[in-house]
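Written below as structure tokens is the structure these notes are about.
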Amino acid sequence: SIAKKEGAVVSFFGQETQKAAHERLLLESHLLDALHQGELAVYFQPLVSVRDKKRLVGAEALLRWHSPELGNVGPDRFIPLAESNGQIIEIGNFVLHEAMKHAAHWCKRSNNPFKIAINISPLQFRERQFVEHIEDLLDLYELPPGTLELEITEGILLQDEHHARASLARLRHLGVQISLDDFGTGYSSLSYLQKYAFDTLKIDRSFISNLEFNEQNRELTRAIIAMAHKLKLNVVAEGVENAFQEAFIQAEECDFAQGYLYGKAIPAEKFAEKFTH
Ligand code: C2E
Ligand code: MG
Ligand code: MG
Ligand code: MG
């Protein structure tokens, strides 16, 4: 009967929700110790200049979790969790230390400028002493401030506009660069571009990943690059995987690119081997 079928549907979804809740608990209980057990590692994905023959100009720090019990868990699965339970503060701090330490090392050994991009969570950014903390870390690792680029998302700007604006101004005063990550996926991005002084705009991978099939995405990508340049912002294309996508962003005079075409995120030691001499 229909009633029976409906009952079946309800219990099916009930089980799914339970399964999701179970996974959440499982991840959460393991994540608590992961940092202290050394299961978290910061990897580095190359950032290249589009104009300048794919010359390496820096890296984005990306967190990896290799859990003995759960296998590899992607940041998309555990960062939101850490954000909701507050653990992102400690985890984010670990990322800042690791990324800045390695970047400082690479800067000292290289004659070319090097940029290190680090993702910052809203909760982390809203910490009272966040800007001072960044300043302390720049001193500690003797990293030139212009080398550091903090990647933020609209979420940071949504919550406390006044505080966000003040912190961003202080960071820029230090000489730290600010980029707006995942551009094009959220809402009300355009007004933010006016209100806050960013250095860089990162076009979300979802636009780049189907450029060859999707005329609309080509138009949007073209428009975003042109608009960013009018506002004197640098543009990074994320998720460049093939020659078509590269040729397209090159023709549109995009400044920088990241993607599997140039390299995935790899551990610091491997990155140093491959990219510094
Ligand atoms: P994101 O900041 O937009 O980082 C770029 C993501 O795109 C990374 O995924 C990167 O591995 C992936 N990617 C880059 N090029 C390609 C490509 O050519 N093809 C494909 N398929 N993917 C590509 P990942 O490392 O899984 O990170 C996912 C998200 O997790 C990040 O997105 C970022 O929002 C968050 N995340 C990662 N590490 C951290 C961290 O240390 N702190 C915070 N707060 N968030 C982080
Ligand atoms: Mg990012
Ligand atoms: Mg990000
Ligand atoms: Mg992104």
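Every read-out reported here was derived from the displayed coordinates using simple, explicitly stated rules and does not represent laboratory data. Values in this document were obtained by computation on a predicted structure and should not be read as measured data. Cβ atoms come from the backbone with ideal geometry, glycine included; neighbour counts cover every protein chain shown.
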Size of charge dipole - the chain - debye, nearest 20, with Cβ of Lys, Arg +1 and Asp, Glu -1, no other charges:
500 debye
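What does the C-alpha gyration tensor say about the overall shape of the range 64-109? Classify as rounded when a/c is under 1.5, otherwise prolate if a/b is larger than b/c, or oblate.
Working: a/c = 3.32, a/b = 1.72, b/c = 1.93.
The shape class here is oblate.
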Note: the range 163-277 at 20 °C, 1.002 mPa s; Kirkwood Rh on alpha carbon pairs; Stokes-Einstein D in µm²/s works out to 139 µm²/s
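What stretch of the chain, leaving out the sites themselves, is the longest with no GluC sites (Glu not before Pro) in a DSSP loop having at most 11 other Cβ atoms within 10 Å?
On the way: sites that count: E69, E142.
After excluding every exposed loop site, the longest remaining stretch is 143-277.
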If exposed means chymotrypsin sites (Phe, Trp or Tyr not before Pro) lying in a DSSP loop and surrounded by at most 10 other beta carbons within 10 Å, then the longest stretch of the chain lacking such sites spans residues 1-186
Okay, helix-only estimate at 222 nm for the chain: each DSSP H run of n ≥ 4 adds -39500 (n - 2.57), divide by all residues, round to 500 deg cm²/dmol; what do you get?
-16500 deg cm²/dmol
Counting Lys +1, Arg +1, Asp -1, Glu -1, what net charge surrounds F271 among other residues with beta carbon under 14 Å of its beta carbon?
+3
Let me know the charge dipole size of the range 138-204 about its Cα centre in debye, to the nearest 20, where only the beta-carbon of Lys, Arg (+1) and Asp, Glu (-1) is charged.
280 debye
In vacuum, with every alpha carbon of the range 14-60 counted as one equal point scatterer, what does the Debye formula give for log10 I(q)/I(0) at q = 0.15, 0.18, 0.21 Å⁻¹? Two decimals, please.
-0.64, -0.68, -0.75
Sort all Cα-Cα distances of the range 88-230 into consecutive 10 angstrom bins from zero, then give the percent of pairs in each bin up to the one containing the longest distance.
11, 39, 32, 17, 2
HN-Hα J couplings of the range 153-160 from phi, Karplus 6.51/-1.76/1.60, θ = phi - 60°, integer Hz, Gly and Pro as x?
10, 4, x, 5, 7, 5, 7, 9
Cα gyration tensor of the range 25-90 - equivalent ellipsoid semi-axes, whole Å, descending
30, 12, 10
With unit charges on the beta carbon (Lys/Arg positive, Asp/Glu negative), name the residue among A251, I203, N217 whose Cα is farthest towards the positive pole of the charge dipole of the range 179-277.
I203
Once the chain is represented by equal point scatterers at the alpha-carbon sites, with solvent omitted, what log10 I(q)/I(0) does the Debye formula produce at q = 0.15, 0.16 Å⁻¹?
-1.21, -1.34
